[in-house]
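Notes follow the structure.
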Amino acid sequence: MLDPAAIVAPPAPGRACGPCTLCCKVYAIPAVESLAGRWCRHVRPGGGCGIHAERPDHCRAFHCLWMTESWMGPEWRPDRAKMVLSLDPVTRFMNVQVDPGQANAWKRAPYHDQLRRWAAASLPLSRYVLVHVGGSTTVILPDRDVPLGPFGPGDRLVGRERMTPAGLTADVEKVAASA
Ligand code: SF4
Ligand code: SF4
């Protein structure tokens, strides 16, 4: 699973969080006892962090994909999209962490079609697009979505790409840590 502290890319020119604070809700931040899916108690009404100068390194280091990639349109700003995108620094998988209060946000237009296009562009590199809602994971493939449920510690995704008449797709499964 993504460790936001490992993401150190700087914001793209002109990008700023503004009123968005969604990463302060969708991720667990143990240093401030914040649970995934609940607003951190330090979020200020209207945006920003109430302990900005002393915020944990975890928070200080993280910039979501919308912040670091200027090619992402305004519809992808997390407080509009209701999801926070990031790239896993090791696997380069795209993680889409959905606001559990808007659990179907990723299924809406224009988001779902774009996630499918990113899945098609990622698959030749054996990279996957993963949607996480309330601890449950769905793999987005170019031709379908595959719900795999919760991933426990050590569980991993195994994918086997295969060519079809309609293009490249994959079979995916969750392999338990004990397997
Ligand atoms: S989700 Fe992105 S834009 Fe929103 S507060 Fe976090 S880093 Fe900033
Ligand atoms: S400490 Fe501040 S930056 Fe970190 S999650 Fe809480 S509100 Fe967000």
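The set of residues in the range 147-179 being aliphatic (A, V, I, L, M) and either surrounded by fewer than 16 Cβ atoms within 10 Å (Cβ to Cβ) or assigned to a loop (DSSP other than H, G, I, E, B) (or both) consists of Leu148, Val158, Met163, Ala166, Leu168, Val175, Ala176, Ala177, Ala179. Just one of the listed residues (Val43, Val96, Val90) is modelled with pLDDT of 95 or more and closer than 29 Å to Pro142 by Cβ, and it is Val96.
Considering only residues in the range 1-31 that are part of a helix (DSSP H, G or I) and modelled with pLDDT under 95, the one that is farthest from Thr91 (Cα to Cα) turns out to be Ala31.
Cβ-Cβ distance below 6 Å, separation of 6 or more or different chains: which pairs start in the range 50-66 with a residue that is under 21 Å from Lys82 (Cα atoms) and end on one that is of a type in the set (Phe, Trp, Tyr) and assigned to a helix (DSSP H, G or I)? Pairs that qualify, where the first residue is under 21 Å from Lys82 (Cα atoms) and the partner is of a type in the set (Phe, Trp, Tyr) and assigned to a helix (DSSP H, G or I), are Trp66/Trp76.
I need the full set of residues from the range 71-94 which are under 20 Å from Arg116 (Cα atoms) and more than 12 Å from ligand 1 (Cβ to nearest atom), in order please. Those that are under 20 Å from Arg116 (Cα atoms) and more than 12 Å from ligand 1 (Cβ to nearest atom): Trp71, Gly73, Glu75, Leu87, Asp88, Thr91, Arg92, Phe93, Met94. Cβ-Cβ contacts under 9 Å between residues 6 or more apart (or on different chains), taken from a first residue in the range 21-32 that is within 15 Å of Gly50 (Cα to Cα) to a second residue that is hydroxyl-bearing (Ser, Thr, Tyr) and within 10 Å of ligand 2 (Cβ to nearest atom), are listed as Cys24/Ser34; Lys25/Ser34. The set of residues in the range 107-161 that are of a type in the set (Val, Ile, Thr) and within 14 Å of the chain's Cα centre (by Cα) comprises Val129, Val131, Val133, Thr137, Thr138, Val139, Ile140. The listed residues are Pro10, Pro30, and the only one of them that is within 14 Å of ligand 1 (Cβ to nearest atom) and over 14 Å from the mean Cα position of the chain (by Cα) turns out to be Pro10.
The values are calculated or read from the model by the stated rules, or taken from the named source; none is laboratory data. Quantities reported herein were computed from a predicted structural model and do not represent experimental measurements. Neighbour counts are summed over all protein chains in view; Cβ atoms, including those assigned to glycine, are modelled from backbone coordinates with ideal geometry.
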